[in-house]
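The values are calculated or read from the model by the stated rules, or taken from the named source; none is laboratory data. The structure presented is a predicted model; accordingly, all values stated were derived computationally and were not measured. Cβ atoms come from the backbone with ideal geometry, glycine included; neighbour counts cover every protein chain shown. SASA here: full protein model, heavy atoms, side chains in, ligands and nucleic acids out. Shrake-Rupley method; radii C 1.70, N 1.55, O 1.52, S 1.80 Å.
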Amino acid sequence: AVPEKPNTWRDYTPELEAQLQQKVTLQEALNQAIERQELELYFQPKITLKSEQCLGAEALLRWSHPDLGRIPPDVFIPVAEKTGQIIEIGQWVLDQSCQKLKQWRDQQLVADNFVLAINVASQQLIQSDFAQKCLNTLQRYQLPPSSLEIEVTESGLMTDMVVALEQLCQLAAAGISIAIDDFGTGYSSLAYLKELPVSVLKIDRTFIKDMHVSDQDKKLVETVMQMSENFNFITVAEGVENEEQLEILRGFNCELIQGYYYSPPLTEKALLQYLHAIND
Ligand code: C2E
Ligand code: CA
Ligand code: CA
Ligand code: CA
């Protein structure tokens, strides 16, 4: 039987983790996370800057452990990547995302062109059957490939560029769009951009954050936007929190906005309410 979730959680603190480390390591706790239904997907809307429509969302993992509390993805994803548990977790994210999207489409809660994006870690991407797994899952839920987007980081690609490229080409050929996540934070050269079947660039929040106060950061974003335009990429600005940032991005013709200014990551229920409200 699945234990009942209590309705209050102690928030994760490093102290609390240190306390509990002897009893249960994050790795052991993670082993049971899927089985015990402790994982949940939140969804953050992506909004068009011009018409303020919601064209899609990014699925973001949340983990609530009964003793450890809410553990942020920045803490447990790196652990799962080290241990290889990210493969199983990533498969769960893919399956769960498709399942939700199928329900939303069937109930006409989202438009046919709504795109759900998932984050994919390098270990997933270098599996020789990763693309096939994605396509099988889409097929199982009778979803068109164009309804799914894969977000990969530059460092995720660098692990094994040859295999990653092969998988991405298969995905792109099938109609799944590929986004480069956290663009600008990696150490890779720009040369790889023309090799990859990429259609979306997500400019990292660290550059957006101080854009309205730092001329340097503003110029940096402008440069990335120009390059993105030259390559015919769609640009998403991450972590947009205020009107000033939005106005600067408007001047740069940025297509999509993702950030607290429009919405934080939402539960499924809250996302559907949000979509209902903005579409009215
Ligand atoms: P990310 O892919 O870069 O996701 C964007 C992060 O920025 C999310 O943090 C989101 O909540 C946060 N964010 C969005 N808008 C704003 C804003 O306006 N202001 C601020 N301060 N933050 C904003 P989150 O949900 O904590 O996720 C952190 C990271 O964990 C993600 O970064 C991603 O790298 C990883 N992650 C989350 N879910 C998954 C998953 O299913 N699979 C994998 N492999 N990684 C995941
Ligand atoms: Ca992402
Ligand atoms: Ca990102
Ligand atoms: Ca990021």
**OP:** Could you list, in sequence order, all residues of the range 177-203 that are among the polar types (S, T, N, Q), open to solvent by 60 Å² or more (accessible area, probe 1.4 Å) and more than 16 Å from ligand 2 (Cβ to nearest atom)?
**Re:** Ser189
Original post:
If Ala270 satisfies every condition in (1) on the phi > 0 side of the Ramachandran plot; (2) within 15 Å of ligand 1 (Cβ to nearest atom) but one, which is the exception?
Top reply: (1)
Subject >> Members of the range 225-280 found to be among the β-branched types (Val, Ile, Thr) and under 23 Å from Val213 (Cα atoms), listed by number >> reply: Thr235, Val236, Val240, Ile248, Ile257
Original post:
Only one of (1) open to solvent by less than 10 Å² (accessible area, probe 1.4 Å); (2) within 23 Å of Ser128 (Cα to Cα); (3) at pLDDT 95 or above fails for Ala174. Which number is that?
Top reply: (1)
**OP:** Enumerate the strands (runs of 3 or more DSSP E) found wholly within the range 19-121, keeping only those where 3 or more residues are more than 16 Å from ligand 4 (Cβ to nearest atom) and within 29 Å of Leu256 (Cα to Cα).
**Re:** 39-48, 54-65
**OP:** Could you tell me which numbered condition Glu88 fails, if it satisfies all but one of (1) closer than 23 Å to Thr267 by Cα; (2) in contact with a helix residue (DSSP H, G or I) (Cβ under 7 Å, 6 or more places away or on another chain); (3) surrounded by fewer than 21 Cβ atoms within 10 Å (Cβ to Cβ)?
**Re:** (2)
Original post:
Given Leu196, Leu272, Leu201, which one is touching a strand residue (DSSP E or B) at 6+ places or on another chain (Cβ under 6 Å) and either within 16 Å of ligand 3 (Cβ to nearest atom) or closer than 23 Å to Glu58 by Cα (or both)?
Top reply: Leu201
Original post:
Mind checking which pairs have a first residue in the range 156-175 that is over 15 Å from Asn136 (Cα atoms) and a second that is open to solvent by 40 Å² or more (accessible area, probe 1.4 Å) and small (Gly, Ala, Ser), Cβ under 9 Å, 6 or more apart or different chains?
Top reply: Val163/Ser128; Glu166/Ser128
Subject >> Filtered residue count, the range 24-38, keeping only those that are surrounded by fewer than 18 Cβ atoms within 10 Å (Cβ to Cβ) and either within 30 Å of Asn253 (Cβ to Cβ) or touching a residue at least 40 places away in the same chain (Cβ under 8 Å) (or both) >> reply: 4
Subject >> Test result for Thr206, closer than 29 Å to Ile86 by Cα, polar (S, T, N, Q) and open to solvent by less than 50 Å² (accessible area, probe 1.4 Å) >> reply: no
Original post:
Where residues in the range 54-86 are among the small types (Gly, Ala, Ser) and over 20 Å from Ser97 (Cβ atoms), which of them is farthest from ligand 2 (Cβ to nearest atom)?
Top reply: Gly69
**OP:** Could you tell me whether Asn113 is in contact (Cβ under 8 Å) with a residue 40 or more places away in the chain and either among the basic types (Lys, Arg) or open to solvent by 40 Å² or more (accessible area, probe 1.4 Å) (or both)?
**Re:** yes
Original post:
In the range 66-84, is there at least one residue being in contact with a Lys or Arg (Cβ under 7 Å, 6 or more places away or on another chain) and open to solvent by less than 10 Å² (accessible area, probe 1.4 Å)?
Top reply: yes
Subject >> Residues located in the range 202-220, provided they are within 15 Å of ligand 1 (Cβ to nearest atom) and β-branched (Val, Ile, Thr) >> reply: Ile203, Thr206, Ile208
Original post:
Just a yes or no: is a residue in the range 142-152 under 26 Å from Val110 (Cβ atoms), open to solvent by 30 Å² or more (accessible area, probe 1.4 Å) and either touching a Cys at 6+ places or on another chain (Cβ under 6 Å) or outside any helix (DSSP H, G or I) (or both)?
Top reply: yes
Original post:
Taking interchain pairs and intrachain pairs at least six residues apart, which have beta carbon atoms under 7 angstrom, with the first residue in the range 199-219 and within 19 Å of Pro264 (Cβ to Cβ) and the second open to solvent by less than 70 Å² (accessible area, probe 1.4 Å) and of a type in the set (Phe, Trp, Tyr)?
Top reply: Lys202/Phe183; Ile203/Phe183; Asp204/Phe183
